[in-house]
1. Out of all the residues in region 107-122, is one or more within 26 Å of Arg32 (Cβ to Cβ) and either at pLDDT 85 or above or aromatic (Phe, Trp, Tyr) (or both)?
2. Whether any residue in region 63-79 is among the aromatic types (Phe, Trp, Tyr), in contact with a helix residue (DSSP H, G or I) (Cβ under 8 Å, 6 or more places away or on another chain) and at pLDDT 85 or above is what I want to check.
3. Against the definition (modelled with pLDDT under 80 and closer than 30 Å to Arg212 by Cα), how does Gly338 come out, yes or no?
4. Counting only residues that are in a loop (DSSP other than H, G, I, E, B) and farther than 30 Å from Val134 by Cα, which one in region 77-105 is least open to solvent (accessible area, probe 1.4 Å)?
5. Considering only residues that are loosely packed, with under 15 Cβ neighbours inside 10 Å and among the aliphatic types (A, V, I, L, M), look in region 24-52 and name the one that is modelled with the lowest pLDDT.
6. I'd like the full set of residues that are of a type in the set (A, V, I, L, M), open to solvent by less than 100 Å² (accessible area, probe 1.4 Å) and closer than 30 Å to Leu201 by Cβ, limited to region 285-331.
7. Among the residues of region 49-69, how many are part of a loop (DSSP other than H, G, I, E, B) and under 52 Å from the mean Cα position of the chain (by Cα)?
8. I'm checking my understanding of the structure. Among residues of region 173-184 that are in a helix (DSSP H, G or I) and either at pLDDT below 90 or charged (D, E, K, R) (or both), which one is most open to solvent (accessible area, probe 1.4 Å)?
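The values are calculated or read from the model by the stated rules, or taken from the named source; none is laboratory data. Everything quoted here is computed from the prediction, not taken from an experiment. Because the Cβ atoms are built from the backbone with ideal geometry, glycine has one as well, and the counts that use them run over all protein chains shown. Note: areas computed on protein heavy atoms with side chains; ligands, DNA, RNA excluded. Shrake-Rupley method; radii C 1.70, N 1.55, O 1.52, S 1.80 Å.
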Amino acid sequence: MARNEEKAQSMLYRFREAQAAELGLGTRSDRRPRMASSCKSLRECERWRGEILREISRKVSKIQDAGLTDYEVRDLNDEINRLLREKRHWENQIVALGGANYRRNVAMLDDDGKEVPGTKGYKYFGRAKELPGVKELFMSKKKEEDEENKVHNYYKKFTNQGPGYFGDLDELDGTLLEYENRAEAEEWEDAYNHIRTVLGLSTDEPVPPIPRPVKPLSVLLTEASQVGPPPESKRKAPEPDGDSDVAMSASDVSTEVAKRPRKGGAQAQASVPATGADTSTEAAMEVHAKRTAAYIPVLSPEILMPPKMPSREEMEKFLLELRKKALVEEYFGDGGEGRG
């Protein structure tokens, strides 16, 4: 019977030790600590991390075997994820001891730039991706991504469009304008004949052409607003009628104007052009209404004029009357108006 020292020197024993070290099954005194924080040597931490990497590599190669059952594949995948968590603990301990930082938080991307499913949290390797339930999980994620890409591509064709998409280039060739002019002329002729039939006018006269202004109405209104008030609107000084108590001389008027305070002078000067612009705009609109009424005798220029909006003073006066009436009815009843 050989002694233990002699057994330790045998070739078979040394081969078994090397094989156990390669498989990560070292002797009891040389086993990897369960807690990475208990190891205070940077060199030892690097050693145990390298050993975990070799174990992960062996198990990832083994999980590709087609002869494994589903249960064995699940167990191998669980062991690989456990080793990955343990590797992360050792890497944290290496950083805490002042060593290199092996942690990488870079996401894995596919050809389309999308993040590969299963790269965060629990991971699947090799045949584990084809297990029942796992394959449907990957297919559902891929289906959701395909639907999202389909919707994105559908709306992407409506973005960054040129002026042709909005119809800004339709009138360049003149075809559309010619078609619109023909359609407008036909509608004008039909409307004119209908009006003559309704009013009982003679149909022997030819249909007049469409009244087209030389310039658009917006341009006419703009030019009229820039002209200013007509010279007839200038106020003349009242002529003295001989009454000394009422009449005032030109010098008295100038003296009175000079004595007035200039409070709000800027506002008064600013309101003068606006008033003139409003007057000229109304005049231009009145001219346009008269021209339109000339072709349609049934309508008068007053009807074609836009409605006049009440001024601020008129609105305040009307609201004040309504409040007075409401107060009188509240306190005196229906007979309050007779009492007042």
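1. Yes - at least one qualifying residue is present in region 107-122.
2. Within region 63-79, none of the residues are among the aromatic types (Phe, Trp, Tyr), in contact with a helix residue (DSSP H, G or I) (Cβ under 8 Å, 6 or more places away or on another chain) and at pLDDT 85 or above.
3. When the stated conditions are applied, Gly338 does not pass them.
4. The qualifying residue least open to solvent (accessible area, probe 1.4 Å) is Gly99.
5. The qualifying residue modelled with the lowest pLDDT is Leu25.
6. Correct list: Met285, Val287, Ala289, Ala293, Ala294, Ile296, Val298, Leu299, Leu304, Met305.
7. Number satisfying all stated conditions: 2.
8. Arg182
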